[in-house]
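First comes the structure, then the notes that go with it.
The values are calculated or read from the model by the stated rules, or taken from the named source; none is laboratory data. Here the structure is a predicted model, which means the values were calculated and not measured. When we count neighbours, we look across all protein chains shown, and the Cβ atoms used for this are built from the backbone with ideal geometry, even at glycine. The protein model used for the area step is the full one, side chains on, heavy atoms only, and it has no ligands, DNA or RNA in it. Shrake-Rupley method; radii C 1.70, N 1.55, O 1.52, S 1.80 Å.
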Amino acid sequence: VKCNEAQDRLCEYFDKRLDEQARAGVEDHLFSCANCRTEADRLDHTNRLFAALPQVEPPAGFEARWRARLQEEQSKPNLWQRARDVFRNSVPVQAAAVLLIAVLAGFLYQKEHVSESTRQTAPGAGSSEKGETLDRAAPARQAQRQRESEPGTDQFSEASRQDQREQRLQEQAEPKSARPSTGSVPQPESPAVGNRGEYLRAGGEMPVDYQVVVRARFSASDTTLSGTRAESKQSDVPGGSTLSQDQVQTLEQARRRARETGQAQSEVLTIPRAHYEDFKQGLAEIGRVESAAAVGMRETQSAEHVTVLVTIVPAAAPAGSAPTQPSAR
Amino acid sequence: VNRESNPTGEEDSETISDSECVGRVQNGDVDAFEILRRRHQKSIYNLAYRMLGADPHEAEEITHVVFIQAYKSIRKFRGKSSFYTWLYRIAVNQAKNRRQQLARERKVFTDPSSDSDLVPEVVDTRSPEQITAKKEFWGYLQNALNRLSSDHCEIFTLINLQGVSYEDAAEILDIPLNTVKSRLSRAREALAKDCEPLLKEWSQL
């Protein structure tokens, strides 16, 4: 056994943790090495010195103070109870809670809302100056949101991608269509008619259930909805007309504007859900329905009425040479 | 330990095992916690007392805190270690934190003691002078403990003063057994160096 080896084992030696052989090895070394013996003596004496330190008793009154302490601890409300008490007794905390809930609700609503408006935006869907600024900002925002959410786990993501594809197709076919129309026709009497321009002016974006893009016929013949489709429909459909007179006029005017300005015109119409298919077919009177898509799964799905964004795209000149597109549905 | 034969009564509190007490506490028996508390209180108190400069108020406060913490968290105790090492771990952590806090505030554990030239009286007699001398001797040793680093103080207190095994100390401090050995060795070496004058007196006796 070497010196360092012996000294490494001194602790265990004095604490009687070494087996017989190791113990004998240390003792043999100490017998022959004066330096290590001195060191061992120091440690041994140190151990003995400190062994003289007595165990002490807790001071008088310890028990009573402990019992008081324990009782205090047991009567202390737990974390949940304390939080509840704070909430009950503090108006600022209550106010903060209400505010928090409001902000949270607003955030959730906005999130939902934006994802709805993603589907709503069609090429050339602006119908006023204000509408344009909103519309132009929206696609970038929406595109970013969609990038962020992909691969999306939410139920909308598949629909969003589908809509994006549709948008791209339409943008390719209609490179300069994203312009505002000159104006929209106010419809103050009829609450059933939504007007996108008005809505956007009021500072909101209108969620829609369906988005229909109609390419207007180039033909100058004035086949009108009021003349053919809608009026006959009024008599065909029992219990109500597919389109009100105002709505028919709205679409007529939009088509006219599209033809005159060469720019896409959009209108939002609210129609009975049951009439949607008929309505779509009715649109064939003014042009070719290029796409008709249900956008999103609004909570109003069960509602009796649906909101349809109709975008009337002017016919590409000359007649008959309009680019053919794959139909969306 | 005979547990079944004596389910109630005074004797029970002495024969019932720690782990059975723990089980009872976990089932809502507060009295069983008192058995554990009384059983381990003195050890915990002495550990804190030595680690905190032999201050009875500090030691009492830490002891209370340790048992309150044990009471509150005993539901989480899963019995992987023995109750006493679990309890000691709480105690060492509390005492160590307090010791470091006191050292920052008052520098009580870093100042060299003024009575290092004290001649100890080791003979155990009952005369008032000798009792005083004995208290001074204890104070000398306590000062040496105070000057140790927290790591050295805790390992020395556990093993030398509390008689905890190396293995249990490793579990309490959550360090490997070899670290226990080397740390203990350095702690004893530091104390031997610090108590050099005392040891010289000793060797001349």
* Structure fact -> Residues whose built amide H sits under 5 Å from the amide H of A:SER291, excluding neighbours closer than 5 in sequence, are A:VAL213
* Occluded residues from the stretch A:72-87, i.e. those whose accessible area drops by 30 Å² or more once the chain is not alone (1.4 Å probe) -> A:GLU73, A:GLN74
* Using alpha-carbon pairs under 8 Å, 6+ residues apart, how would you state the relative contact order of the stretch A:1-54 in percent? -> 39 percent
* Check A:HIS305: other-chain or 5+ apart residues with amide H under 5 Å from its amide H, H built from backbone geometry? -> A:ARG273
* For the stretch B:63-80, Karplus couplings with θ = phi - 60° (6.51, -1.76, 1.60), whole Hz, Gly/Pro x -> 4, 4, 4, 4, 6, 5, 5, 4, 4, 6, 10, 5, 5, 8, 5, 9, x, 6
* Asked: With respect to the cross-link table entries A:LYS16/B:LYS135; B:LYS42/B:LYS96; A:LYS76/B:LYS72; A:LYS76/B:LYS80; B:LYS42/B:LYS80; B:LYS96/B:LYS193, which display a Cα-Cα separation exceeding 21 Å?
  -> A:LYS16/B:LYS135; A:LYS76/B:LYS80; B:LYS42/B:LYS80; B:LYS96/B:LYS193
* Asked: Which order do A:LEU251, A:LEU104 take by accessible area at a 1.4 Å probe, largest first?
  -> A:LEU104, A:LEU251
* Rounded to whole Hz and in sequence order, give me ³J(HN,Hα) for the stretch A:76-83 from the Karplus expression 6.51 cos²θ - 1.76 cosθ + 1.60, θ = phi - 60°, writing x for Gly and Pro. => 5, x, 6, 4, 5, 5, 5, 4
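Using a 1.4 angstrom probe on the protein heavy atoms only, could you order A:TYR109, B:TYR166 from most to least accessible area?
Numbers: A:TYR109 145, B:TYR166 5 Å².
Per-residue accessible area, sorted high to low, gives A:TYR109, B:TYR166.
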* Asked: So how far apart, in nm, are the two label points at B:THR15 and A:ASP19 if each is 7 Å from Cα heading toward Cβ?
  -> 3.9 nm
* To do: Report ³J(HN,Hα) in whole Hz for each residue of the stretch A:96-113, in order, from the Karplus equation J = 6.51 cos²θ - 1.76 cosθ + 1.60 where θ = phi - 60°; Gly and Pro get x.
  => 4, 5, 4, 4, 4, 5, 4, 4, 4, 5, x, 4, 5, 4, 5, 4, 4, 4
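For the stretch B:15-98, state which trypsin sites (Lys or Arg not before Pro) are in a DSSP loop and have at most 15 other beta carbons lying within 10 Å of their beta carbon. All intermediate terms of the calculation are to be shown ahead of the outcome.
Values: sites: B:ARG24, B:ARG37, B:ARG38, B:ARG39, B:LYS42, B:ARG50, B:LYS72, B:ARG75, B:LYS76, B:ARG78, B:LYS80, B:ARG89, B:LYS96, B:ARG98; in loops: B:ARG78, B:LYS80.
Those satisfying the criteria are B:ARG78, B:LYS80.
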* Please give the solvent-accessible surface of A:HIS45 in Å², to the nearest 10, using a probe radius of 1.4 Å with every protein chain present. => 40 Å²
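Nearest 100 Å² is fine: how much accessible area is buried between B and A, summed over both sides, with a 1.4 Å probe? Mind dumping the intermediate values first?
Details: alone 12150 and 20290 Å², together 28700 Å².
Interface area, both chains combined: 3700 Å², rounded to the nearest 100.
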* **Cβ charges +1 (Lys, Arg) and -1 (Asp, Glu), total dipole of the stretch B:13-104, debye** => 500 debye
* Asked: What FRET efficiency do you get for B:ARG89 and A:ASN89 if R0 is 56 Å and r is their Cβ-Cβ distance, rounded to the nearest 0.05?
  -> 0.90
